[in-house]
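Derivation of every value follows stated rules applied to the coordinates shown; laboratory data play no part. Since the structure is predicted, the reported quantities are computational estimates derived from the model, not experimental observations. Please note: Cβ atoms are built from the backbone with ideal geometry, for glycine as well, and neighbour counts cover all protein chains shown.
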Amino acid sequence: MGDPGSALCRLDAAPPYWAVLFASVRDERPGDGYGETAARMEELAAEQPGYLGLESARAADGSGLTISYWRTREDARAWKEVAEHRAAQEAGRARWYREYTVRVARVDEAYGMSPPPA
């Protein structure tokens with residue numbers, strides 16, 4: 001996710017693009033397979049048409065936010081329907097999350113600051 005040494009992904013795409021914001025509260029249980037599935041979903045998302053990047057953070061209290069970026073709304077919608085992703089969504093509802101909210105937003109403007117290259 002992102003560049004080494006940075007928690008932010010650097011998107012090569014200029015706006016507009018789409019962001020899918022997944023806010024959640026986890027039920028953490030050691031050995032529940034969550035970490036492996038999350039890593040696989042990141043790999044699988046990166047293989048999908050229109051995928052631009054992903055950022056994710058989780059607090060000590062179990063609350064977290066994952067944002068995936070997509071070239072078009074249709075690309076984001078198609079990701080939701082990928083069979084392996086649908087299975088992970090079911091597992092999330094059944095085992096991993098106490099609650100979650102998904103928001104889909106169009107990004108019309110993006111700017112920021114980055115450290116100089118090493």
Q: Rank E36, E55, E84 by mean-square fluctuation in a GNM of the chain with C-alpha springs under 10 angstrom and give only the top-ranked residue.
A: E36
Q. Going highest first, how would you order 10-16, 67-73, 87-93, 48-54 by mean Cβ packing within 10 Å?
A. 67-73, 48-54, 87-93, 10-16
**Q.** ³J(HN,Hα) computed for each position of region 20-35 - Karplus, 6.51 cos²θ - 1.76 cosθ + 1.60, integer Hz, glycine/proline x
**A.** 10, 9, 10, 9, 8, 10, 8, 9, 7, 9, x, x, 8, x, 4, x
Q | Nearest-0.05 FRET efficiency for A118 and E81, computed from C-beta distance (R0 35 Å) | A | 0.30
Q) How far apart, in nm, are the 7 Å Cα→Cβ label points at E90 and A59? A) 3.2
Q: Would you please give the residues with an amide H less than 5 Å from that of V107, counting only those at least 5 places away or on a separate chain, with H modeled from the backbone geometry?
A: Y17, W18, A19
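At a Förster distance of 22 Å, what's the computed FRET efficiency of Y111 paired with L21, Cβ-Cβ distance as r, to 0.05?
0.75
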Q. Over the chain, what is the relative contact order in whole percent, taking alpha-carbon pairs under 8 Å and six or more residues apart?
A. 40
Q) Which of the following values of Cα Rg over 2.2 N^0.38 Å was calculated from the structure shown: (i) 1.03; (ii) 0.93; (iii) 1.09? A) (iii)
